[in-house]
1. Only helical DSSP H runs with n ≥ 4 go in: add -39500 (n - 2.57) per run for the chain, normalise by residue count and round the 222 nm mean residue ellipticity to 500 deg cm²/dmol.
2. At Val405 and Asp266, where each label point lies 7 Å from the Cα along Cα→Cβ, what is the point-to-point distance in nanometres?
3. Most mobile of Tyr318, Tyr228, Tyr132 per a Gaussian network model of the chain (Cα springs, under 10 Å)?
4. Tell me, in nm to one decimal, what length is gained between Ala171 and Ile143 on full extension, where the rule is 0.36 nm per residue of separation less the Cα-Cα distance?
5. Are any of the pairs Lys164/Lys233; Lys205/Lys238; Lys84/Lys112; Lys205/Lys233; Lys238/Lys288 more than 23 Å apart by Cα-Cα distance, and if so, which?
6. Please report the Cα spread of region 253-411 along all three principal axes, rounded to whole Å, starting with the longest.
7. Set the Förster distance to 25 Å, then compute FRET efficiency between Asn220 and Met129 from the Cβ-Cβ distance, nearest 0.05.
8. Using a Gaussian network for the chain with springs between C-alpha atoms less than 10 Å apart, which of these wobbles most: Leu52, Leu156, Leu72?
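Here, each number is a calculation from the coordinates, and none is a lab measurement. Just so you know, these numbers come straight off a predicted model, no measurement behind them. Cβ sites come from the backbone with ideal geometry, for glycine too, and all protein chains shown count toward neighbours.
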Amino acid sequence: MPSLIDLSLADWRSFDASSAAMLEQMCPRITRLHLNKSSGCCWESSYSKVCLTASALAAGCPVIVKAHSSHLGTNELMAGAIRKAAQATGMPDGVFSFLIGEGGTLGQALAKHPAVKAIGFTGSFRAGMALYKTATHDREQPIPVYAEMSSINPVLIFPDVINKDADKIAAQLAGSITLGVGQFCTNPGLLFVIDGNNTAVFIDKLATALNAIPAAAMLNQGICKSYYSGRDKIGQEKGVQTILLGDDSSSSYKGSVALYQVKATDFINNPELQNEMFGPASLVVTCKDLSELHTAVDALHGQLTGTAFGTSDDLREYQDVIGKMTEKVGRLIYNSVPTGVEVCHAMVHGGPFPATTDGRATSVGTEAIRRFVRPVCFQDCPDEFLPDALKDSNPLGIMRKVDGVYIAAKK
């Protein structure tokens, strides 16, 4: 319902010169882009949405956050901190709004409202696609939707590193699989190995490491129930063997570990095995040789991350299959776990569909601002009428690209 929406959208002209200069300093790489300052951006709220909010505000867009019903107290604390920061930096009143309401109803109302010009979302594939379809099909003016929806984050574990570092890798992966009770969007839910002399030993070590980690409380009852249902479905698929299955602790909202194994031939022919379990569980895919590993990687859906564990010899020998996985992911990790996302210039937290609805974008890092800006060319415009960021005198003192050459910021 439109009445649910806070429409106190900001007028960029109310920013003073120091505030504008501060934002330009925050995003020097887009100074030739005309910022759309009269639009609103909205999304489901969670910890990761702090990054979305920061990049949208830096682009000059007012922000409407829809709170997640499972952590309303945390959302209120975060909203209060953002409001204080907006006031401290001279942003106009109403630049940030925080709404509470029933998920589907409020989300759809926001997606349909003409004042909203972009949407960011983290959640299920079903909910993300519902927002995407509304924003692109049910509006007079379609808008971009940056939805992060589903990823099982495949890991390639090559033979030589298994022979040399099985204990270390098993411990690393067990910690990553169970981090946050497996509720990280970069949780490694799919592990590829080539069958060899020590493959079974490695799987046994991983199961032992996982078994030592106790069940823990999940975010809410619905997610907990969905996790146990999802892992049971995976365990019942053709060819899947159960290596480790923790007790069902759903009555206390706790998620316990699970580890499954399947041959690559069954994985390749069954897309259901790529469904996200979203909890402390993973599926080991055993390939008989490199050719089968190539075919299995080729069958992968789009993912947020892909990881390669290998010695130098491994990485040289299997470079082709690593390259093939690069086509499927937004971030490629070497000899480390995918959980944990650093906010930095190089970070890409995105990936091909169905990991996200737009594989060209990232929701973390400085490049995230590009989702909320658009390019405008000022052709033959007199210098006095150009935005300050484009004037020959460079009054903002920012780094710019002139005739294809980057020119350092004025000091």
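1. -10000 deg cm²/dmol
2. Going by the 7 Å Cα→Cβ label model, 6.3 nm.
3. Residue with maximal mean-square fluctuation among Tyr318, Tyr228, Tyr132: Tyr318.
4. On the way: separation 28, 0.36 × 28 = 10.08 nm, distance 4.40 nm.
Full extension of this stretch gives 5.7 nm more.
5. Numbers: Lys164/Lys233 34 Å; Lys205/Lys238 25 Å; Lys84/Lys112 29 Å; Lys205/Lys233 25 Å; Lys238/Lys288 18 Å.
From Lys164/Lys233; Lys205/Lys238; Lys84/Lys112; Lys205/Lys233; Lys238/Lys288, over 23 Å: Lys164/Lys233; Lys205/Lys238; Lys84/Lys112; Lys205/Lys233.
6. Here the Cα extents, ordered largest to smallest, are 67, 44, 28 Å.
7. Step by step, r from the Cβ atoms, then E = 0.70.
8. Greatest mean-square fluctuation among the candidates belongs to Leu72.
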